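Only one structure is covered here, and it is reproduced in the block below.
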Amino acid sequence: MVSIYAEKILRINLKTKKISTEPPRRDWLALYLGGRGLGIRYVYEEVPPGADALGPENKVVIATGPLTGTIAPLSGRFTVVSKSPKTGTINDNYVGGSFGPELKYAGYDAVIIEGASESPVYVYISDGNVEIRDASHLWGMRVREAMEELRKEHGSNARTMVIGPAGERLSLISSVHVDEYFVAARGGIGAVFGSKKLKGVVVKAEERKIEIPNPGRFRETITRLMKESVLTEANLWAKTDGTPIIVDLSNNVGALPHLNFREGYYEYAKFINTDVVKQKFHSRFACHSCPLACKRKIKTRRGVIKAPEYETIGMMGSNLGFKDMDDLAYAAEVADNLGLDTISLGNL
Ligand code: SF4
């Protein structure tokens, strides 16, 4: 039977260095459509309730869904799940880019990382070859530098996931960065990586292809869905503006954070809203197979920088009183590069 799943879960123990594969639980695949349910269920079943989130009993599950890697629109996103050191509960992060599809192309529906290494390591995954490699030369590096180094080692088409110094130092507001500009930001997931001495994961597939059971019918369905449910007028804001469009909407109803939520209206919002992003527009980019391409880079006094998303504009921008988009974008870039969650950082 041809399946849209890779039918393989990769399990990596950083303490014993054991690497193994197993079939995914079919009943769970049927029960949970997508990486979110699968990742959460694995963490729920395998991490004991009293486990220290920064201890070796915690696990990181990187999970994809059945459509990951196909031409289905918006299907490039994937999940990173673990127990959160910040909340003590299960923490699920959703990330874009192309890392998830690459993992599927390399032959895995999900990766479960368990145990903790004694020295810094990163995991390298390619078709049929998985290695736990020394990362002492990467430890201490900021996000962009570490990604660049990994791409030098594995080629510019390798997909990378790394933590910065914040995760290494177990900051509870540290994040995990993917493919340059995509972030698993919440719940201190960077610290979970850091506690395992895991600098990151690299994945590189030989062939970027997924076998679809009935390709003709699949393509027809996708074309129809694209027209009826994705490229609709209601969704066009993502294409024309991206999430910065929410700044004015929130401000107009008194819900834009300002001064740690003491106020919901920010008089200088016009300096950090979607109109400013449009004036400074440099280019757009997208997650795998997304026709909306909601991400933007902007031209600033300090060069071309990723435009902050609404959440960053709200929590670091209006909340902290930024009145200049260039300064805000740069501050967010510095935080990203250290591996800090910009939402939590603005809310300290
Ligand atoms: S580019 Fe934007 S709209 Fe498209 S999948 Fe990524 S986050 Fe979603």
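The values are calculated or read from the model by the stated rules, or taken from the named source; none is laboratory data. Fair warning: this is a prediction, and the values are worked out from it, not measured in the lab. For neighbour counting, all protein chains shown are included, and Cβ atoms are generated from backbone atoms with ideal geometry for every residue, glycine included. For the accessible areas, the whole protein counts, side chains as well, though only heavy atoms, and no ligand, DNA or RNA atoms are used. Shrake-Rupley method; radii C 1.70, N 1.55, O 1.52, S 1.80 Å.
Side notes on the structure shown:
- Any chance residue 298 is of a type in the set (Val, Ile, Thr), closer than 30 Å to residue 233 by Cβ and either open to solvent by less than 20 Å² (accessible area, probe 1.4 Å) or in the same structural domain as residue 249 (by TED's automatic domain parsing) (or both): yes
- Residue that is surrounded by the fewest Cβ atoms within 10 Å (Cβ to Cβ), among those in segment 199-226 that are closer than 23 Å to residue 132 by Cβ and out of contact with any Phe, Trp or Tyr (no Cβ under 7 Å at 6 or more places or on another chain): 206
- Output for segment 305-341, where each listed residue is surrounded by 20 or more Cβ atoms within 10 Å (Cβ to Cβ), out of contact with any Phe, Trp or Tyr (no Cβ under 6 Å at 6 or more places or on another chain) and of a type in the set (S, T, N, Q): 312, 319
- Identity of the residue in segment 304-348, without any contact (Cβ under 8 Å) to a residue 24 or more places away in the chain and under 19 Å from the mean Cα position of the chain (by Cα), that ends up farthest from residue 173 (Cα to Cα): 334
- Looking across segment 272-289, just one residue is hydrophobic (A, V, I, L, M, F, W, C) and more than 18 Å from residue 304 (Cα to Cα), and that is 287.
- The set of residues in segment 50-85 being away from the ligand (no atom under 16 Å from the Cβ), of a type in the set (Val, Ile, Thr) and either free of Cβ contacts under 8 Å to residues at least 60 places away in the same chain or in a loop (DSSP other than H, G, I, E, B) (or both) consists of 61, 81.
- Enumeration of residues in segment 234-285 that are of a type outside the set (Lys, Arg), surrounded by fewer than 18 Cβ atoms within 10 Å (Cβ to Cβ) and either at positive phi or assigned to a loop (DSSP other than H, G, I, E, B) (or both): 253, 254, 255, 259, 260, 261, 264, 265, 267, 268
- For segment 217-253, the candidate set comprises residues that are touching a residue at least 24 places away in the same chain (Cβ under 8 Å) and among the β-branched types (Val, Ile, Thr); within that set, the residue that is nearest to residue 278 (Cα to Cα) is 245.
- In segment 76-109, residue surrounded by the fewest Cβ atoms within 10 Å (Cβ to Cβ) [restricted to those that are of a type in the set (Gly, Ala, Ser) and within 26 Å of residue 340 (Cα to Cα)]: 88
Here is a yes/no grid of residues against (1) within 12 Å of the ligand (Cβ to nearest atom); (2) under 24 Å from residue 260 (Cβ atoms):
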{"position": "281", "(1), (2)": "no, no"}
{"position": "284", "(1), (2)": "yes, no"}
{"position": "290", "(1), (2)": "yes, no"}
{"position": "299", "(1), (2)": "no, no"}
{"position": "317", "(1), (2)": "no, yes"}
